[in-house]
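Student: Quick one: structure below, then a few questions.
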Amino acid sequence: QVQLVESGGGLVQPGGSLRLSCAASGNIFAIHDMGWERQRLGKQRENVARVSRAGNTASADFVKGRFTVSRDNDNDTVYLQMNNLQPDDTAVYFCYAFMLAGSPRRVRTYWGQGTQVTVSS
């Protein structure tokens, strides 16, 4: 069984920081891109940031300069460091990994369960 387990969400005041983590486990053969999406209440899910196995990153304009995505290939983990959080960042954050995994082996995107981030004073 292949799983992505997220941690690090919670309640933070405007201007504060949080670090999300997402660890992949199970019958994994290779992990390609990893990243994060979010879904704000009443809005469509949106891309936040992603990182390739080589460490190349891409992020949405609304998080540039505030959020940083990174990964630890040795531990199959992706991180999202979020600084200067604002109320508009309140959302459920989902991690994903595009990987060769499972039995039979298949290349597809796997998703975490989501973690709530609430920015409020």
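The values are calculated or read from the model by the stated rules, or taken from the named source; none is laboratory data. None of these values were measured; they are calculated from a predicted model. When we count neighbours, we look across all protein chains shown, and the Cβ atoms used for this are built from the backbone with ideal geometry, even at glycine. For accessibility, only protein heavy atoms count, side chains too; no ligands or nucleic acids. Shrake-Rupley method; radii C 1.70, N 1.55, O 1.52, S 1.80 Å.
Table: residues versus (1) in contact with a Ser or Thr (Cβ under 7 Å, 6 or more places away or on another chain); (2) modelled with pLDDT under 95; (3) among the hydrophobic types (A, V, I, L, M, F, W, C).
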site	(1), (2), (3)
Asp72	no, no, no
Val78	no, no, yes
Gln81	yes, no, no
Leu85	yes, no, yes
Asp88	no, no, no
Phe98	yes, no, yes
Ser103	no, yes, no
Tyr110	no, no, no
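Student: Looking at this structure, is Phe62 over 14 Å from Ile31 (Cβ atoms) and in contact with a helix residue (DSSP H, G or I) (Cβ under 9 Å, 6 or more places away or on another chain)?
Tutor: The answer is yes for Phe62.
Here is a yes/no grid of residues against (1) more than 13 Å from Thr118 (Cα to Cα); (2) in a strand (DSSP E or B); (3) hydrophobic (A, V, I, L, M, F, W, C); (4) within 14 Å of the chain's Cα centre (by Cα):
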position	(1), (2), (3), (4)
Val5	yes, yes, yes, yes
Gly16	no, no, no, no
Ala24	yes, yes, yes, yes
Phe29	yes, yes, yes, no
Asp33	yes, yes, no, yes
Trp36	yes, yes, yes, yes
Lys43	yes, no, no, no
Ala49	yes, yes, yes, yes
Gly55	yes, no, no, no
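Student: Can you find a residue that is acidic (Asp, Glu) and open to solvent by 80 Å² or more (accessible area, probe 1.4 Å) anywhere in region 36-54?
Tutor: no
Student: Can you work out which of the residues in region 98-121 that are part of a loop (DSSP other than H, G, I, E, B) and in contact with a Leu (Cβ under 9 Å, 6 or more places away or on another chain) is nearest to Thr57 (Cα to Cα)?
Tutor: The extreme case among them is Gly112.
Results for (1) open to solvent by 40 Å² or more (accessible area, probe 1.4 Å); (2) touching a Gly at 6+ places or on another chain (Cβ under 9 Å); (3) among the hydroxyl-bearing types (Ser, Thr, Tyr), shown as yes or no for each residue.
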residue	(1), (2), (3)
Lys64	yes, no, no
Ser70	yes, yes, yes
Asn75	yes, no, no
Gln81	yes, no, no
Asp89	no, no, no
Phe94	no, yes, no
Ala101	no, yes, no
Thr115	no, yes, yes
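Student: Between a residue in region 3-19 that is within 12 Å of Ser120 (Cβ to Cβ) and any residue that is open to solvent by less than 80 Å² (accessible area, probe 1.4 Å) and of a type in the set (Ser, Thr, Tyr), which pairs come within a Cβ distance under 9 Å, given they are 6 or more apart or on different chains?
Tutor: Filtered contacts from region 3-19: Gly10/Thr115; Gly10/Thr118; Leu11/Thr118; Leu11/Ser120; Val12/Thr118; Val12/Ser120; Gln13/Ser120; Pro14/Ser120.
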